[in-house]
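Worksheet: one structure, shown below.
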Amino acid sequence: MDLVTSSLTVGAIKNISHELNETEKQAITSFVNGIKKNLKKIPKFSQYFTGDGIDRYISYNYEKFSTTKTLLNRNTPVKISDCFVSQNFNYKNERGEQEEIDLNVFLKDTISEYPKNIINGMAGSGKTILLKYIFNESISKGYAKLPIFFEFREINYSREGKSIVKSVVDHVKNSFPSFDDELFHYGMKHGHFYLLLDGFDEISPHMRGIISKEILDLSSNYPISPILVTSRPSQDFISWYGFRQINISKFTREQTVEFIYKTSFDKEKKKEFINDINNLYSTEHNGQSFYADNKEFLSNPLLTSMMLLVFDKKNRIPHNKAVYYSKCYDVLTEEHDSTKGSFIRELYCGLKIEDLTKVFMYFCVLTYNKNIFLFIKNDLIEFINQSISKLRDEDAKKIVDRASDIIRDFCESISIMQNDGIYFEFIHRSFQEYFFAKFAFNNQVIPMERILCSILDRADVSNILSLVDSMGHGEYEKGFIMPILKKTLGKFNEKRSDKKYIVSMFFTRVLSSFGHSPYLYFSDESVPDYYNDVFFEKEEKCNPIEGFYIEVLLKHASIYYKQAYNVSETKINRCMEKMTKYNFNIKTGDSKSISLLTEFQIINSGIYDVCIALMDVLNYMNNNIEKMNNKFEGNWISEF
């Protein structure tokens, strides 16, 4: 053992916390030695590791990522290895066929065959815990690449013109002082780093374009270094050439049971809950089994945890998504814990719980509007003070200068937020979305349409829209769907003769959301799928909000007006098949610029026909909603 290797080994052992077991400590030490062996051949690279920075970085982050707080364990962290359930992944292969792989195969793929990946997962699917698990697994299994974990939400606070590289480097330097830009680029070039980037959807929308370009540049410049990005599904990734999109599969029944079994919670309550899930027969729940009746919630880790939290002996589980969140929040505010019984905790701020809930709702609205999910204390106090100002004067006067007490109530009394070092965060971001949705639905001053249209560019907007819908379907259609539907139909009728404009309304964004791949066949295979920005002149394109409208409307139609799709399905599929086989004969130059679509191509490729068929779907939905509204315009007592 040479001097440098010896110092690394001693340093690794010295910096490893006693909280880790001997197997984990040995894994870290072996990983450090393995990294060193790879670096012996590269003197310039190895000079950075003569101190104990590398072992401090690995041991600190390994321990940090070995535990987590959950909805069910809000005060005491639990070991991820004790509660983690390995999920499956699904994706479309090169032939356009759906494939499913398990976590072990996926990890091997990222190291070798498919180094650039995006993991898509809905709210509560466990993306962050998965990435932390992968960080530690890469060390435990000795993958010989140094994992670098970075949360995108840090950028919202500290970017100030910094590149993604600078942000990552500064983050790593906290526990690895000698780490710098030169080392980062050198390691990426030679494939020694494994970049784990969490929560792309948490980046402010106006910053995503710049950051996307920086990540694509990293991917292009360093093709052999694995880059793994997690996010909620987003149209931003359509132009991420070279990245494979992987979707987190829903829990199977067996995975749900395993997840509950591993959860640190009241054993008797877990046993009863698992028995109900495994019972295939039921005389309740409309004749379906408990699992079949609640499959949507039980296929998601967060929603399963919430269900366990509100579960009682009479199995009264609300099927309505908004009611579900409301009941879960009620349980939190009552500090319901079967090991302690139920009691009402006196609030530090002196407010009644309903007034504190209003403050929290306003806080969620203000912070979601700013796209902020992570807070340092000063910023948290500022947002809370703004929220207090939204209360009635007499209520606001009671808690002036008591923001610190409200923070304690958020974290301790109702456990809806948690403190992690210098940062504060929601126990889960979906609670912020629930209260934003509640504000949009209940507000009597600002129209629902204005509130919801302001967030249509967010990657997580579908969750908020579904929450508002579940709070009142009729009010949702009347206050949001119908206004944007009228605007869309009006614009279509105005521009119908302008085929390029019509196609730009549907192009890429809507075709992909409709369930079809927007890939087009080009004569130059190096051309990836592009946004409509590069296919149309500025004056030929629709306003981006019109594309968002159509995406929302088609999704709404697919849920509530399926007959509209059945009518148009044959025509749409025929046109889509024609479009994907059509050679657009678009060439790229050295500058990656491409030709604009011509009206001839739009007509002969079938793209325009697809758009017309989709507009027929919207017309069908509009007619049906109007019929329903006209039905109730008479004497209401007859409908009572």
Within the range 61-81, take every residue that is open to solvent by 30 Å² or more (accessible area, probe 1.4 Å) and β-branched (Val, Ile, Thr) and give me the one that is nearest to Ile416 (Cα to Cα).
Thr70
Take the residues of the range 226-241 that are in a loop (DSSP other than H, G, I, E, B) and in contact with a strand residue (DSSP E or B) (Cβ under 6 Å, 6 or more places away or on another chain): which is modelled with the lowest pLDDT?
Pro233
Leading residue by the ranking (most open to solvent (accessible area, probe 1.4 Å)) among those in the range 238-261 that are within 22 Å of Phe273 (Cβ to Cβ) and in contact with a helix residue (DSSP H, G or I) (Cβ under 8 Å, 6 or more places away or on another chain)
Tyr261
Note on Phe548: of the conditions (1) surrounded by fewer than 21 Cβ atoms within 10 Å (Cβ to Cβ); (2) hydrophobic (A, V, I, L, M, F, W, C); (3) modelled with pLDDT of 80 or more; (4) out of contact with any Leu (no Cβ under 6 Å at 6 or more places or on another chain), unmet is (4)
Got a sec? Which helices (runs of 4 or more DSSP H) wholly within the range 354-437 have at least 2 residues that are under 29 Å from Ile129 (Cβ atoms)?
377-388, 403-408
In this structure, is Pro223 under 30 Å from Thr68 (Cβ atoms), in the same structural domain as Glu154 (by the TED database), not acidic (Asp, Glu) and not in a helix (DSSP H, G or I)?
no
Looking only at residues in the range 428-461 that are open to solvent by less than 40 Å² (accessible area, probe 1.4 Å) and among the small types (Gly, Ala, Ser), which one is farthest from Leu72 (Cα to Cα)?
Ala440
Condition first: open to solvent by less than 20 Å² (accessible area, probe 1.4 Å), touching an Asp or Glu at 6+ places or on another chain (Cβ under 8 Å) and either touching a residue at least 60 places away in the same chain (Cβ under 8 Å) or not in a helix (DSSP H, G or I) (or both). Now tell me which residues in the range 198-220 satisfy that.
Asp198, Gly199, Phe200, Asp201
Within the set of pairs 6 or more residues apart or between chains, which connect a residue that is over 15 Å from Glu433 (Cα atoms) inside the range 317-331 to a residue that is not in a helix (DSSP H, G or I) with Cβ atoms less than 7 Å apart?
Ile317/Asn294; Ile317/Phe311; Lys327/Pro318
Condition (residue is of a type in the set (Val, Ile, Thr), under 24 Å from the mean Cα position of the chain (by Cα) and not in a helix (DSSP H, G or I)) applied to the range 447-464: is it met by at least one residue?
yes
Could you please find all residues in the range 402-428 being at pLDDT 85 or above and charged (D, E, K, R)?
Asp405, Arg408, Asp409, Glu425
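A quick yes/no check of all residues on (1) closer than 26 Å to Gly209 by Cα; (2) in contact with an Asp or Glu (Cβ under 6 Å, 6 or more places away or on another chain); (3) among the small types (Gly, Ala, Ser):
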| residue | (1), (2), (3) |
| --- | --- |
| Asn61 | no, no, no |
| Phe65 | no, no, no |
| Ile80 | no, no, no |
| Ile111 | no, no, no |
| Ile118 | yes, no, no |
| Leu131 | yes, yes, no |
| Gly142 | no, no, yes |
| Leu146 | no, no, no |
Answer yes or no as to whether Pro147 is open to solvent by less than 10 Å² (accessible area, probe 1.4 Å), outside any helix (DSSP H, G or I) and not small (Gly, Ala, Ser).
yes
I'd like the residue in the range 108-144 that is in a helix (DSSP H, G or I) and modelled with pLDDT under 85 and, out of all such residues, is nearest to the chain's Cα centre (by Cα).
Thr110
Which of the residues spanning the range 82-99 are assigned to a loop (DSSP other than H, G, I, E, B), within 25 Å of Thr70 (Cβ to Cβ) and open to solvent by 60 Å² or more (accessible area, probe 1.4 Å)?
none
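The values are calculated or read from the model by the stated rules, or taken from the named source; none is laboratory data. As the structure is a prediction and not an experimental result, all values here were calculated from the model. Glycine also receives a Cβ, built like all others from the backbone with ideal geometry; neighbour counts cover every protein chain displayed. Just the protein is used for accessible areas: all its heavy atoms, side chains included, with ligands, DNA and RNA removed. Shrake-Rupley method; radii C 1.70, N 1.55, O 1.52, S 1.80 Å.
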